[in-house]
Amino acid sequence: MKVIFVCSPFQGKHENIEKAKKYCRMLADMGYIPIAPHVYFSQFMDDHNPNDRRRALEMNKKLLEFCDELWVFGDEITEGMREEIEYFKKIKGKDKIKWIKEQTLSH
């Protein structure tokens with residue numbers, strides 16, 4: 001089974017967590033293992049606290065090392081997502097990144 005990193009907006013917003021959970025379910029239904037740290041880390045870290053945010057991004061980078069692919073969900077690329085994408089490109093290559101646009105998700 002491939003391990004897929006879910007790269008989607010968070011910014012401390014509850015609605016973004018709900019979207020990420022749907023993306024995870026979609027990936028699980030496709031036979032993949034989804035990794036969405038913003039769903040998990042948001043349970044005990046505060047994205048509005050600069051220290052927590054930096055630590056979470058560093059932990060995300062470590063988790064990226066275990067992932068086969070990175071899937072970018074939606075049309076918005078936040079600062080945190082950009083950092084994850086650039087790191088993943090560096091360690092795994094851009095051919096392991098899949099872009100899932102918003103209109104694809106609504107169908």
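The values are calculated or read from the model by the stated rules, or taken from the named source; none is laboratory data. Remember, it's a predicted structure, so these values are computed and weren't measured experimentally. Ideal geometry is used to build each Cβ from the backbone, glycine not excepted, and the neighbour counts take in all protein chains shown.
How many residues are of a type in the set (Asp, Glu) and closer than 20 Å to residue 33 by Cα when one looks only at region 48-107? Counting residues in region 48-107 that are of a type in the set (Asp, Glu) and closer than 20 Å to residue 33 by Cα gives 5.
A Cβ distance below 9 Å, combined with a sequence gap of six or more or placement on separate chains, defines the contacts here; from region 57-78, residues that are at positive phi reach residues that are at pLDDT below 95 and surrounded by fewer than 16 Cβ atoms within 10 Å (Cβ to Cβ) in the pairs 74/101; 74/102; 74/105.
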